[in-house]
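Chemist: Quick one: the structure is below, and I'll ask about it shortly.
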Amino acid sequence: WAQTPAIIPIPVKSEYPTGKYLLPKSIIIAAPKDEALKTAFKTLETKLSNLGGRKIQWIQPASTATALANIRLQINSTANAELGKEGYNILVDTKGVQIQANSAKGLFYGIQTFYQLLPKEVESASPVAIATISVPFAKITDYPRFEWRGMMFDVARHFFTKDEVKKFID
């Protein structure tokens with residue numbers, strides 16, 4: 001596993017110290033109760049449980065068990081001006097994975113970047129037998145340069161089916 005993952009888009013700031021965090025077979029995720037993130041959390045649970053049949057347990061951040069969480073998702077109580085509305089911080093170290101943001105949107109984008117730190121099998125639609133999942137140590141800060149986002153879908157050179165277009169939009 002290379003120590004410098006290819007993250008797209010390239011984060012504003014990133015450091016990748018030597019080392020990696022091994023996700024256990026039973027993963028505890030501390031996350032805020034937020035309706036806007038319900039689908040994102042369900043997708044995270046599905047992707048992680050598909051990797052070697054891992055068991056996922058959700059707890060609330062205010063819980064005394066938060067220290068036991070392998071993945072901590074947090075919306076800042078005091079906004080970090082640097083991050084703005086859609087920015088996030090990711091820290092992966094010996095204590096686990098921590099993703100912090102000022103808003104649900106920022107937390108969502110942080111989770112998307114977290115997927116890129118995981119093995120490529122995380123994108124599999126069906127369960128994959130994988131014994132160990134290592135996440136490289138990382139300290140990432142990212143936020144958009146502009147308030148708008150865009151992407152390109154080149155239909156002039158390639159034919160896409162209806163389902164491929166839906167998946168791209170999703």
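The values are calculated or read from the model by the stated rules, or taken from the named source; none is laboratory data. Just so it is clear, the model here is predicted, and its values are computed rather than measured. Virtual Cβ from ideal backbone geometry, glycine too; neighbours counted across all protein chains shown. When the accessible area is computed, the model is the full protein with side chains, heavy atoms only, and any ligands, DNA or RNA have been set aside. Shrake-Rupley method; radii C 1.70, N 1.55, O 1.52, S 1.80 Å.
Chemist: Of Lys85/Lys166; Lys20/Lys85; Lys55/Lys120; Lys13/Lys95; Lys95/Lys120; Lys139/Lys167, which pairs sit farther than 25 Å apart, going by alpha carbon to alpha carbon? Working shown, then result.
Modeler: Working: Lys85/Lys166 27 Å; Lys20/Lys85 29 Å; Lys55/Lys120 19 Å; Lys13/Lys95 21 Å; Lys95/Lys120 23 Å; Lys139/Lys167 30 Å.
Exceeds cut-off: Lys85/Lys166; Lys20/Lys85; Lys139/Lys167.
Chemist: With a 1.4 Å probe and every protein chain left in place, tell me how much accessible area Ser77 has, in Å² to the nearest 10.
Modeler: 120 Å²
Chemist: Okay, moving on. Grab the other residues whose beta carbon is less than 9 angstrom from that of Ser103, score K and R as +1, D and E as -1, and report the net.
Modeler: Numbers: positive: Lys85, Lys105; negative: Glu86.
It works out to a net charge of +1.
Chemist: Using only the Cα atoms of the chain, each taken as one equal point scatterer with no solvent, compute I(q) by the Debye sum, divide by I(0), and report log10 of the ratio at q = 0.12 Å⁻¹.
Modeler: For the chain, the Cα-only Debye profile gives -0.58.
Chemist: Given +1 on the Cβ of Lys and Arg, -1 on the Cβ of Asp and Glu, and no further charges, what dipole in debye does the range 1-142 carry about its Cα centre, rounded to the nearest 20? Let's see the in-between values first.
Modeler: Details: 15 positive and 10 negative charges, 64 e Å.
The dipole of the range 1-142 has a size of about 300 debye.
Chemist: Between Ala6 and Thr66, what is the FRET efficiency for a Förster distance of 30 Å, r being their Cβ-Cβ separation, to the nearest 0.05?
Modeler: On the way: r = 31 Å, r/R0 = 1.05.
With a Förster radius of 30 Å, E is 0.45.
Chemist: Could you compute the net charge surrounding Ser26? Neighbours are other residues with a C-beta less than 9 Å from the C-beta of Ser26; K and R count +1, D and E count -1. The partial results should precede the final answer.
Modeler: Values: positive: Lys25, Arg54, Lys55; negative: none.
Once all neighbours under 9 Å are counted, the net charge is +3.
Chemist: A further question on this structure: Can you find, among Gly53, Gln98, Val165, the residue farthest towards the positive end of the dipole of the range 32-170? Put +1 on the C-beta of Lys and Arg, -1 on that of Asp and Glu.
Modeler: The Cα lying farthest towards the positive end belongs to Gly53.
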